[in-house]
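The values are calculated or read from the model by the stated rules, or taken from the named source; none is laboratory data. Here the structure is a predicted model, which is why all the values come from computation and not from measurement. All Cβ positions, glycine included, derive from the backbone under ideal geometry; neighbour counts span all protein chains shown. These accessible areas exclude ligands, DNA and RNA; they are computed on the full protein's heavy atoms, side chains included. Shrake-Rupley method; radii C 1.70, N 1.55, O 1.52, S 1.80 Å.
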Number of protein chains: 2
Amino acid sequence: MSFAFRVTHANGRARRGQLSTPHGDIETPAFMPVGTQGAVKGITHRDLEAVGAQVLLSNTYHLYLRPGDDLIARRGGLHRFIGWTKPILTDSGGYQVFSLAARRTIDEEGAHFRSHLDGSAHTLTPEKATDIQAQLGSDMAMVLDECLAHPAEPAAARASMARTLRWACRARDRFLALRDGLVPGVASTNPGQAQFGIVQGGVFPELREESARQTVDIGFEGYAIGGLSVGEPNEVMYDMVARTTPCLPEDRPRYLMGAGTPEDLVEAVARGVDMFDCVLPTRNARNGQLFTSEGRINIKNVRYAEDDRPLDPACQCYTCRTCSRAYLRHLFAVGEINASTLNTLHNLTFYLDTLRRIRDAIAFGRFESFRLAFRQSLSRQPLDS
Amino acid sequence: MSFAFRVTHANGRARRGQLSTPHGDIETPAFMPVGTQGAVKGITHRDLEAVGAQVLLSNTYHLYLRPGDDLIARRGGLHRFIGWTKPILTDSGGYQVFSLAARRTIDEEGAHFRSHLDGSAHTLTPEKATDIQAQLGSDMAMVLDECLAHPAEPAAARASMARTLRWACRARDRFLALRDGLVPGVASTNPGQAQFGIVQGGVFPELREESARQTVDIGFEGYAIGGLSVGEPNEVMYDMVARTTPCLPEDRPRYLMGAGTPEDLVEAVARGVDMFDCVLPTRNARNGQLFTSEGRINIKNVRYAEDDRPLDPACQCYTCRTCSRAYLRHLFAVGEINASTLNTLHNLTFYLDTLRRIRDAIAFGRFESFRLAFRQSLSRQPLDS
């Protein structure tokens, strides 16, 4: 099975579609839970499937360092190594190099850095990022892009965007060479892998449009919008998305990287985005920050110590079916691992249910009323402050 | 439903039986996973039931300190608070006071100690331990006993045994008073709760026999053997068990506290024990120490880095069905919570399957051949050293 995408329903600029990959189909708009090191922290693959995850995102930087892409390739690729049978998207590793690695320097060749684990020296080039992901055998691979800190001056944003485009050309050339078996020493473990280009350009609409057009000119199976959700105001992010998606082909999936809150997802879908990933539901869960239809809950709060209600009466997840807020607060307060598991199950259910409701709304032609209701709902308000 | 026990099959001194509690039946011999703070670390109740747990052990000391037995009683008891619908046994809190608490002093009244959490001062008496467990509403409560460090001189062991007997009388009186509603201020949340006496006496057979006879004279729904599995040689533990069980009534359950390895369980069953609890399968799991039918595995070992086999080819647990040793080693090496979950699922399955095989062997009258085969099996040997 190879990669394909088709829009099945359009409703304004919102699209519902189906993405086919070598490891099965994904209904879009889709949210991809983050399994940094080959596992979503705190829950098993079984539970991840049960809450409705269709696709897993995994981080190339982490897997490259441990256990190494060579080892994973010898195991037959990431799917076989971790025992996940559904689609996987891998990032390029660039974002972690920029945010996590030590003593990094960037030049035209790529990113030079030292491992945050042992200080060992590494270089990540567009070609290397493509090779690693070929060895991991994800269904969707990302090109290496330059991640600019926000805020950036227009000149810096333009230079960075231009470099990202040059890197994208190199990454695409490498991807096609790998597909044709022309790169000795790299064991591609997924012949049906697709590659996504990434639109950059900071918060400057003209740069975004230029980046989108030129990335499309290179030609990829899908297109991502990168460099947002990095501290800029929400409205700026929404505006950049709105300016970018019209420059992308209708028949290719659009992926907004690293966003965001549930509200961000709804707003981005309204502007034509199909795919999302974010650590927010899983990281917040481990910190006791929970999303509910009635508002956000900080389960640490003493007001929940004797609260026998479920986290969210509107939620059907295992946590809400079987645990009271009082029990969840206790588990969090005493530091039980189970708090992470139960909270993660709930937050991911909230996200994945929201995406399911978005898909249904688009299919029934009522996305705008869903969006309005969602915006007016209490879910974005803190329930306990 | 009230408490009852009947032996359904006898095979030598080994017994198979059925224990009925207000929260359902338990097939014995049974192993009770330890859920210290109201949860077995790393796995959900759902997974705990799926691996075959019939009964959960929870620790009174921990629950008394956090979130407090008053709070749990206001929630309707421990079952409702934690959402576990099957039987629960609670210990008296004594063992943790002796092993964990700070600045403890013991006198005839009870144990005076400071919390290991915040240094607050507390006193645990036989009456208080009974009251707390009444509020928790476990199906089986334990009397407070004095836990003597091993090795102990005969005189010290005798004095301690005698005190444990006096405490057992007081605990039983309190238990009966609570049952009759004669203790104001204590909210018993489980009217069908049973109480177990505890046999002490160190490593001295005469003391063990005397303790057993006098504890039986007080009269409890079940009897535990305490003060073993605390550092004495295995053979001494087996011998103490063998000397104690003949002094206990045939028609009451016998519980060997805190034991042990899978081999210990088989040997204790051969000597007439019906119930067990131990942190070994769960704690070892979190430390990467795994039980398999082919030998013990330390999953940290680099030899497993590229080992695509399941932990135990004879095991049907989720971990063995879906994960390779290589993936489990990776998860452990990078410190993922999921390593604890997957390892705990496996180790508990190994224990609970062993108990199931023991019960089957007794029912079919072939326990001795099972025991011999188990003793000769490789499971006790390290596979990787």
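Listing for the model above:
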read-out	value
Pick from region A:27-50, criterion surrounded by fewer than 24 Cβ atoms within 10 Å (Cβ to Cβ) and among the β-branched types (Val, Ile, Thr), ranking: farthest from the other protein chains (Cβ to nearest Cβ)	A:Val34
Long-range neighbours under 7 Å by Cβ, at least six apart or interchain, first residue within 9 Å of chain A (Cβ to nearest Cβ) within region B:60-87, second open to solvent by 30 Å² or more (accessible area, probe 1.4 Å) and of a type in the set (Ser, Thr, Tyr)	B:Gly76/B:Thr189; B:Gly83/A:Thr322
Number of positions in region B:89-124 that are without any contact (Cβ under 8 Å) to a residue 12 or more places away in the chain and in contact with a His (Cβ under 6 Å, 6 or more places away or on another chain)	1
Conditions (1) under 25 Å from A:Ile362 (Cα atoms); (2) of a type outside the set (Ser, Thr, Tyr); (3) touching a residue at least 60 places away in the same chain (Cβ under 8 Å); number of the one not met by A:Cys315	(3)
Checklist (1) open to solvent by less than 30 Å² (accessible area, probe 1.4 Å); (2) not in a loop (DSSP other than H, G, I, E, B) applied to B:Tyr64, failing item	(1)
Test: residue in region B:302-312 that is at pLDDT 95 or above, within 27 Å of the chain's Cα centre (by Cα) and not in a helix (DSSP H, G or I)	yes
Residue identified as within 17 Å of B:Thr244 (Cβ to Cβ), open to solvent by 30 Å² or more (accessible area, probe 1.4 Å) and out of contact with any helix residue (DSSP H, G or I) (no Cβ under 6 Å at 6 or more places or on another chain) among B:Val203, B:Val230	B:Val230
Cβ-Cβ under 6 Å pairs, at least 6 apart or on other chains, region A:206-228 side under 19 Å from A:Asp91 (Cα atoms), far side of a type in the set (Lys, Arg) and crowded, with 23+ Cβ neighbours inside 10 Å	A:Tyr223/A:Arg254
Residues of region A:78-91 satisfying the condition of being surrounded by fewer than 18 Cβ atoms within 10 Å (Cβ to Cβ) and more than 13 Å from A:Gly38 (Cβ to Cβ)	A:Thr85
Filter result (modelled with pLDDT of 95 or more and assigned to a helix (DSSP H, G or I)) within region B:78-124	B:Leu78, B:His79, B:Arg80, B:Phe81, B:Ile82
Verdict on A:Ala157 being in contact with a Phe, Trp or Tyr (Cβ under 9 Å, 6 or more places away or on another chain), among the aliphatic types (A, V, I, L, M) and open to solvent by 50 Å² or more (accessible area, probe 1.4 Å)	no
Index of the failed condition, B:His9 passing every other in (1) open to solvent by less than 30 Å² (accessible area, probe 1.4 Å); (2) under 23 Å from B:Tyr351 (Cα atoms)	(1)
Count - residues of region A:1-16 that are touching a helix residue (DSSP H, G or I) at 6+ places or on another chain (Cβ under 9 Å) and in a strand (DSSP E or B)	7
Residues located in region A:227-253, provided they are over 20 Å from the mean Cα position of the chain (by Cα) and either under 15 Å from A:Ser211 (Cβ atoms) or modelled with pLDDT under 95 (or both)	A:Arg243, A:Pro246, A:Cys247, A:Pro249
Test for B:Ser20: is it within 20 Å of B:Phe220 (Cβ to Cβ) and within 13 Å of another protein chain (Cβ to nearest Cβ)	no
Filtered residue count, region A:310-320, keeping only those that are open to solvent by less than 70 Å² (accessible area, probe 1.4 Å) and away from every other protein chain (no Cβ under 14 Å)	2
When residues of region A:276-300 are limited to those that are open to solvent by 10 Å² or more (accessible area, probe 1.4 Å) and within 14 Å of another protein chain (Cβ to nearest Cβ), the one farthest from A:Thr261 (Cα to Cα)	A:Lys300
Any chance B:Ile132 is in contact (Cβ under 8 Å) with a residue 12 or more places away in the chain, open to solvent by less than 20 Å² (accessible area, probe 1.4 Å), more than 13 Å from chain A (Cβ to nearest Cβ) and assigned to a helix (DSSP H, G or I)	yes
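Okay, residues lined up against (1) away from chain A (no Cβ under 11 Å); (2) free of Cβ contacts under 8 Å to residues at least 40 places away in the same chain; (3) under 24 Å from A:Tyr61 (Cβ atoms):
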{"position": "B:Ala305", "(1), (2), (3)": "no, yes, yes"}
{"position": "B:Asp308", "(1), (2), (3)": "no, yes, no"}
{"position": "B:Thr322", "(1), (2), (3)": "no, yes, no"}
{"position": "B:Ala333", "(1), (2), (3)": "no, yes, yes"}
{"position": "B:Ala339", "(1), (2), (3)": "no, no, yes"}
{"position": "B:Asn343", "(1), (2), (3)": "yes, no, no"}
{"position": "B:His346", "(1), (2), (3)": "yes, no, no"}
{"position": "B:Tyr351", "(1), (2), (3)": "yes, no, no"}
{"position": "B:Phe364", "(1), (2), (3)": "yes, yes, no"}
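To keep it simple, each residue is scored yes or no on (1) of a type in the set (A, V, I, L, M, F, W, C); (2) without any contact (Cβ under 8 Å) to a residue 24 or more places away in the chain; (3) assigned to a loop (DSSP other than H, G, I, E, B).
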site	(1), (2), (3)
B:Ala159	yes, yes, no
B:Ala168	yes, no, no
B:Leu182	yes, yes, yes
B:Val186	yes, no, yes
B:Pro191	no, no, yes
B:Gln195	no, no, no
B:Ile198	yes, no, no
B:Val203	yes, no, yes
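Here is a yes/no grid of residues against (1) in contact with a helix residue (DSSP H, G or I) (Cβ under 9 Å, 6 or more places away or on another chain); (2) surrounded by 16 or more Cβ atoms within 10 Å (Cβ to Cβ):
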site	(1), (2)
A:Leu57	no, yes
A:Gly76	no, no
A:Gly93	yes, yes
A:Arg103	no, no
